[in-house]
Structures are given as structure tokens and as C-alpha cells.
Amino acid sequence: MIRALVLALALAFALAAPAQAGILAAEDAAELAQSLAEAQEEQGLCYGWNVTNNFSAGPDVGSGTGGPGAIMIPTLCKDGWVQLEGYIEYACDTCESEDRATVSISSSFANGPTTKDLEALGLKAGALTGDDDDTTLINMVNALPLLVADRGLAPYLEYEQATTVPAIDHATNKPGSDFMRDTWIQLVLFFALILAAPAFYLYKRKQTRESAPPVYIAPPSAPTSAPPPAT
Amino acid sequence: MRKHAIIASLLAGAGVLGLIFTLTSHGSVRDHIAKTYRQVGTEKAPGKAGSDRKDTVIYASNRSVLQTARDIADHNKPADRRTTEAGAFLRYSDDVVSVVPPTAGTRGSRILVDDEEGGYHRNYGYVGGFWGTYSGPAGSFRGGGPGAGK
């Protein structure tokens, strides 16, 4: 019932939304709200997100109960609730300050999930000002039911393997070498050491030569005409 | 001069030793998971058949989904990752690692190691549109919003 209601709300919102607020496209927000509604149905907890900013007409906001654009109302969630909150600030072009973002997780639980849990999954607030800001926000919000289950506050949602995949769909943008990704810092460091060795030696040799006192070469002495010693 | 030559030799030696250690000690994420976790099964990988395809290998971890995903990602940095309500998915050059909840009645987490094709097919509902094409519901928009205000 909740799923159907949220889906209807989401579709209505996606069709009616005049302009994108925040960093999420209306369609992404609708799909996100739907996944939270499904989590709510399984776990009995409410989920939502509310990320304000300084660059658009409205915040990124949505919830499993109200759909995209609707802020979660904690008092309606008697079994518990969890919400991602944040703020994204883009610095002006002429300002010296940098773009910044903060996130926090509010919940009705004393031992609820925290932003450290998100960071453990590689989801850092700073990424909300990067090129993948929307994907980062989707990942953060999507992770909430998993984090709650991880802390034993609700059961895990069942992992469902895809049964049918359209033949035209496939993975793209194959990642680069795993070896280089894992070791490039060491490789750069050790190559630098190898290159530094002859550079150091040549520098020191030059330094030594320049600082050495000039060598005095004595003029050849006049040949002596002394008679050989008598034997 | 002799002292400087010795120092230079030590620097070069440290660099060469470090390079050798780096080249010989690095293992793939498959190797790491095989050494660290308990294998509980294999199954035919989803997707098109092919001679270069690898079976899916399934492992069990005593640690939770979050902790297991973090442990694996800390050891072998993924190129991309997707976190969803039902698991954490790590993408590598040739492999996809899915860390998902345990089967009912057990604790810890399950780890599914697939090749790229298998991982994309298996987790299409979670990574479709993020790591590749997606023609499912709302497919043309999924995970790719342009982001405003930048």
C-alpha cells in the first residue's frame, strides 16, 4: 500500500516538477523515495533526507513516507526514523573560500547510524561538492536501511539478484588497472628514490669540487748541475 | 666522495627493494578474499556464456556487511562503489564484489565475487545505470543527474 502510494506520488512529482531543486534530478529523487518506502515496508522504520544548499531555489528533500520533495515527519513514525541531513555551499567565483559540504544522520535511536558509518563505506561529505554529487547523495541515502540493519536495529533487507536483464544493457567505463590504483603512491615514491640517488651523488660531487681550494702547481725546478755523489 | 657514493647507493637500493616488494606483494581482490574468508560455494555466473567467463565464488564472513565491505575496500581500493539498502557493491577492473546480508538465520555477511559481466547482471537492479547502461524504469535518468548550481 505504502509502495503504491509513494510510487503514485513520485510519478506525479516527476511529471509536475517545474525545475530541479538541489543536486538530484526529480526522477532520481522519486526513485530514491520509492526505495526508502520499500525499506520502510520491510523494516518498519521511516527514512528521509534533507540537504539544504546555497545555490538553488530549494533543498534536496524527500522521504519514504511522503515521497520526493516531502520532508519526513518523525512524529508519524512510531517505530523509529532515520534521516540524512546536510548542507552544501558553493563558494562564489571571486571568493577565496572553497566549496564545502557537511552531513549528519539524525535518528530516533540512541545508538543509531553515524556519518562514520558512511565514511566506512567510502561516502564522504566532501564528495557532495564534486562531479558525482548526485550519485554520492543517492548512495548515502540508499545506505541508511543497511546501516540501521548493521547495528542490529532492524532486519537486513533481502538482497535480490536480478533475474532478467535487457540484452542491450551492459557495463561501461571499464575501470583502470587495480594494481596502479593500489600502488601508485609507492611506485612514485620508490622511483623518486632511485632517481634521487644519482642526482644526489652528482650534486655532492659538484659541490665538493666547487668548495675545494685551488690546487697550486709548483713551477718545474731548475735542473741541478751538482756532480753525482762520489762512490 | 666515498661517503656520498655510499649514501647514493643506499637511496637507490631502498628504491629498488621497495619496487621489488611492491611488485611482488600486490595481490588481486580475488586473492585477498580467497585468503581471508571461508568459501561456501560456487555457481555459474549470470550473463552471456563465454570461454573467458569465471564462475561466481561465494564466501562467508563473520563480520557485518558494513565491516566486511570496509575491510575489503581498505585492502584493495575499488574503482567505484555503490551502496544500497541491500548491500555494498565494489567494482574493480575485472571483478565485481558484492557484500550482501547473510542468508536467513545466520550472522555476518555473504561475499559474491563475479567477473564484470556477471557482477553487472547479478546486481543490475542495484548498479544498473550507475556502472553501465540501464533501460529499466526511469532508466534514462538513473544516477546521472547533472547537478545544478556548479
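Every read-out reported here was derived from the displayed coordinates using simple, explicitly stated rules and does not represent laboratory data. Worth saying up front: this structure is predicted, and the values here are computed from it rather than measured. Glycine also receives a Cβ, built like all others from the backbone with ideal geometry; neighbour counts cover every protein chain displayed.
Based on the alpha-carbon gyration tensor of the range A:113-231 and its eigenvalue square roots a ≥ b ≥ c, which shape applies: rounded if a/c is under 1.5, prolate if not and a/b is larger than b/c, or oblate?
Since a/c reaches 1.5 and a/b is larger than b/c, the shape of the range A:113-231 is classed as prolate.
How many lysine pairs in the protein assembly as shown, separated by 8 or more positions in sequence or lying on different chains, have Cα atoms less than 28 Å apart?
23
Indicate the gyration tensor shape class of the range B:1-77 (rounded, prolate or oblate), computed on the Cα atoms with a ≥ b ≥ c the square roots of the eigenvalues: a/c under 1.5 is rounded; otherwise a/b larger than b/c is prolate and the rest oblate.
Note, shape of the range B:1-77 comes out prolate.
Along each of its three principal axes, how wide is the spread of alpha-carbon positions in the range B:57-141, in whole angstrom units, largest first?
Principal extents (largest minus smallest coordinate, Cα): 38, 28, 19 Å.
Before anything else, pin down the relative contact order of the range B:1-117: Cα pairs under 8 Å, at least 6 apart, normalised by residue count, whole percent.
Computed value for the range B:1-117: 23 percent relative contact order.
When you look at the Cβ of every residue in A:152-164, what mean number of other chain Cβ atoms sits within 10 Å? Write out the running numbers ahead of the final one.
Numbers: counts 1, 0, 0, 2, 10, 6, 7, 18, 6, 11, 11, 4, 3.
For this peptide, the per-residue mean of nearby foreign Cβ atoms is 6.
Residues of the range A:178-193 with the amide nitrogen closer than 17 Å to a label point 7 Å from the Cα of B:His32, along Cα-to-Cβ, please.
Correct set: A:178-187.
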